Amino acid sequence: MKKLALFLICFSTLAVAQNSAVYGTSGRAILASSNTQRAEVRFEVVGSPTSTAIRGFLDFRTIVTSVTQRVHAVSLVRANRLAVDGHTAEFAGDAVLYMRSNTGVTTVRGALVVRVDDLRNPTSPGTARDRFSMRFISPTVNFSYAFDGVAVEGDLRVFDRR
């Protein structure tokens with residue numbers, strides 16, 4: 001009888017967790033910008049209408065080529081804003097940017113704003129590519145960095161299950 005009660009508690013907890021309403025964006029992709037710069041991104045930012053908390057992470061890093069000798073890496077520290085409208089999501093939060101060059105690594109704290117456009121249909125390979133754009137701004141050191149590109153590998157998803 002104790003095992004049955006424990007099973008029912010676990011099953012009901014799992015059912016509630018799976019049926020919770022969430023909205024957000026997630027993805028993992030290799031990106032290409034219009035000026036042939038490449039980057040890789042991995043992220044997930046999720047909100048719930050029953051809570052004001054937004055949870056998530058973002059790891060972004062440029063891919064070094066012979067043209068781009070400097071590496072930019074951005075990590076989202078804390079997401080504090082998320083909006084989903086159809087196939088587009090925008091989120092923002094506190095972030096850290098790391099610049100690696102021949103002289104070493106520079107760390108800059110600032111704010112990050114990201115827009116994700118989920119344009120690709122996974123079942124139709126000829127459709128438009130997903131788009132990812134971000135802007136990092138640090139008011140303390142008067143520095144900004146922006147990247148805008150399309151997913152050449154991987155998938156960027158926007159979802160709304162409210």
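Within segment 115-138, none of the residues are farther than 21 Å from Gly27 by Cα and either touching a Leu at 6+ places or on another chain (Cβ under 6 Å) or surrounded by fewer than 15 Cβ atoms within 10 Å (Cβ to Cβ) (or both).
Here's the yes/no breakdown for (1) in a strand (DSSP E or B); (2) among the acidic types (Asp, Glu); (3) touching a residue at least 40 places away in the same chain (Cβ under 8 Å); (4) in contact with a helix residue (DSSP H, G or I) (Cβ under 9 Å, 6 or more places away or on another chain):
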residue	(1), (2), (3), (4)
Glu44	yes, yes, no, no
Arg55	yes, no, no, no
Phe60	yes, no, yes, no
Val74	yes, no, yes, no
Arg78	yes, no, no, no
Val84	yes, no, yes, no
Glu90	yes, yes, no, no
Leu119	no, no, no, no
Arg135	yes, no, no, no
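Considering each residue of segment 75-90, count those that are of a type in the set (Lys, Arg) and surrounded by 15 or more Cβ atoms within 10 Å (Cβ to Cβ), and give that number. Total meeting the criteria: 0. Scanning segment 22-39 for residues that are among the hydroxyl-bearing types (Ser, Thr, Tyr) and modelled with pLDDT of 90 or more returns Tyr23, Thr25, Ser26, Ser33, Ser34.
Residues in segment 110-143 that are at pLDDT 95 or above and of a type in the set (Val, Ile, Thr): Val113, Val114, Val116, Ile137. Inside segment 40-72, residues that are under 15 Å from Phe147 (Cβ atoms) and modelled with pLDDT of 95 or more make up a count of 8. Considering only residues in segment 147-159 that are surrounded by fewer than 18 Cβ atoms within 10 Å (Cβ to Cβ) and at pLDDT 95 or above, the one that is farthest from Thr106 (Cα to Cα) turns out to be Phe159. Assess whether Ala32 counts as being part of a strand (DSSP E or B), surrounded by fewer than 12 Cβ atoms within 10 Å (Cβ to Cβ), more than 14 Å from the chain's Cα centre (by Cα) and touching a residue at least 12 places away in the same chain (Cβ under 8 Å). The answer is no for Ala32.
The values are calculated or read from the model by the stated rules, or taken from the named source; none is laboratory data. Every value quoted in this text rests on a predicted model; they were computed, and no experiment measured them. Cβ coordinates were reconstructed from backbone atoms using ideal geometry, including for glycine residues, and neighbour counts include every protein chain displayed.
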